[in-house]
Amino acid sequence: MSRGQYILRRLVQMVPVVFAITLIIFIMLRAIPGDPAQTFLGDKATDQQIEIVTREMGLDKPIYVQYGYYLRNLVTLDLGDSLKYRVPVSTLLWSRLKVSLSVVLVTGIFIMLLSLPLGILAALKKDSLIDNIVRSALMVTMVMPSFYTGILLIIGLSIKLDLFPVSGYGDTFTEHLHHLVLPSLTLALGISPILIRVLRSSILEALDSDYVNTARAKGLTEQKVITLHVLRNALIPTVTLFGVTIGGLMGGTVITEKVFALPGAGALLVDSVAARDYPTVQSATFIFAMMVILVNLATDILYSFLDPRVELG
C-alpha cells in the first residue's frame with residue numbers, strides 16, 4: 001500500500017470516530033445542570049423571556065432534532081453565535097485558537113530543545129554525575145503541578161529578574177513571543193522529563209544491540225554509529241510519544257492560560273462551559289478533538305518515514 005493510499009484509508013477510518021466525538025460532546029454538554037436560556041438572560045429574566053430564547057436556540061425541539069441541527073451546522077461550517085460573547089463563534093474561536101496554537105508550537109520547540117540534547121547526553125554519560133543531575137533535576141519539574149511551576153517562573157524570571165512579562169499576550173509578533181516564553185517553558189518542564197527518560201532508555205537499548213556492534217566491527221567511527229544507527233532507531237518511540245504529547249497539549253493548556261492570563265481557546269472553553277454557551281463549547285471541543293486526531297495521524301506518517309520496516313496497512 002502506498003503512503004497516499006494509507007493516508008486516504010486513515011481519513012476514511014476517522015469518519016466513525018468523528019461521528020462518535022460529536023455524539024459524546026452533544027450528550028455530555030446537555031448533561032451539565034442549568035438552563036442555557038436562563039444563564040443567557042440572567043437571574044431577572046421572566047418566564048416568557050426564557051421561553052422565547054429557548055425557542056430561538058432550538059432547545060424546545062426533541063433531542064434528536066437538536067443533534068441533527070448540530071451536525072448540519074458542523075458540515076456547513078455554520079457555528080452560530082456565542083451566547084456569552086454575542087459574536088460569531090468562528091470569529092471568536094479563530095482569535096483564541098491562534099493564541100493556543102502559538103503556545104503549543106513554542107512549547108514543542110522548548111520540549112525538543114530540552115529533550116534531545118539532555119536525553120542523548122544522559123544516555124552517553126550513563127550513571128555519571130551528569131546523568132544523575134539531569135534525571136534528578138527534571139524529575140522534580142515533572143512531579144510539580146504546572147500552575148506551581150508557572151508561579152515559580154513568574155517569581156524568579158518576571159518579578160525578581162524582570163526578564164519576561166507576568167501575564168498577557170502583547171500586541172506585536174515580538175511581544176507575542178516574549179509573552180509566550182514563560183507559559184511554554186512551564187508546560188515543557190513538565191513534559192520533557194518523560195521524553196528524556198524514553199529517549200535515554202531507547203539509546204541505551206540501541207547501543208547494546210547487535211546491529212550497532214556490527215557497525216562498529218565494520219570500522220565506523222563512534223559518531224557515525226550514533227548518528228546513523230543509534231539515534232534513528234532510538235527516536236522512533238520518542239517521536240511517537242512527542243506526537244501524543246502535542247496532541248494532548250491542544251486541549252490541555254487551560255491551567256497555564258489561566259495562570260498567565262492568556263486569551264487562549266482553553267480558557268475560552270472553561271468560561272463557556274460555566275456560561276452554558278452551547279455553540280461555543282460544542283465547536284471548541286470538536287475542533288480540539290479534530291486537532292488531536294490529525295496530530296496522531298501525522299505522527300503515524302512520520303513514524304513510517306523513520307522506520308521503513310513499518311508496513312502501511
How far apart, in nanometres, would the label points at Val75 and Asp127 be if each is projected 7 angstrom from Cα along the Cα-to-Cβ direction?
6.4
Taking R0 as 41 Å, what's the FRET efficiency between Ile27 and Leu177 from their Cβ-Cβ distance, rounded to 0.05?
0.55
GNM flexibility winner over the chain from Thr299, Thr214, Thr141 (Cα, springs under 10 Å):
Thr214
Quick one: check the C-alpha center-to-center distance for region 96-119 versus region 162-236, whole angstrom.
11
Over the chain, with a Gaussian network built from C-alpha contacts below 10 Å, which listed residue (Leu204, Leu228, Leu71) shows the highest mean-square fluctuation?
Leu228
Candidates Leu195, Leu153, Leu97: whichever shows maximal mean-square fluctuation once the chain is modelled as a Gaussian network with Cα springs under 10 Å:
Leu153
Once the in-chain neighbours fewer than 8 apart are removed, the lysines whose Cα is under 24 Å from Lys160 read Lys258
What is the magnitude of the charge dipole of region 163-246 about its Cα centre, with +1 placed on the Cβ of each Lys and Arg, -1 on the Cβ of each Asp and Glu, and no other charges, expressed in debye to the nearest 20?
340
So the FRET efficiency between Leu105 and Arg135, C-beta based with R0 = 30 Å and rounded to 0.05, is 0.65
Using every alpha carbon pair in region 3-75, what percent of pairs falls into each 5 Å bin from 0 up to the bin containing the largest distance?
3, 13, 17, 18, 15, 11, 7, 6, 4, 3, 2, 1
Just to be sure I understand the rule: take each whole DSSP H helix in the chain, project its Cα atoms onto its long axis, keep it if the span is 30 Å or more and its mean Kyte-Doolittle hydropathy is at least -0.5. Which ones pass?
3-30, 89-124, 173-207, 278-306
If the cut-off is a Cα-Cα distance under 24 Å, which lysines reach Lys61, setting aside same-chain residues fewer than 8 apart in sequence?
Lys84
Would you mind calculating the relative contact order of the chain from Cα pairs under 8 angstrom and at least 6 residues apart, reporting the percent as a whole number?
26
Residues of type lysines that Lys218 reaches as a straight line, Cα spacing below 29 Å, ignoring anything fewer than 8 places off in the same chain
Lys125, Lys126
For Leu113 and Val166, calculate 0.36 nm times their separation in residues minus their Cα-Cα distance, and state this gained length in nm to one decimal.
16.8 nm
Hey, if you drop one equal point scatterer on each alpha-carbon of the chain and run the Debye formula without solvent, what base-10 log of I(q)/I(0) do you get at q = 0.09, 0.13 Å⁻¹?
-0.61, -1.06
If the chain between Glu51 and Leu228 were fully stretched, how many nm would it gain, using 0.36 nm times the residue separation less the Cα-Cα distance?
56.8 nm
Rounded to two decimals, what ratio of Rg to Rh does region 87-192 give with C-alpha atoms and a Kirkwood Rh?
1.07
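Read-outs throughout are calculated quantities, based only on the coordinates presented, and are distinct from any laboratory measurement. Only a predicted model underlies this, so the values are computations on that prediction, with no experimental measurement involved. Neighbour counts run over all protein chains shown; Cβ positions are idealised from the backbone, glycine included.
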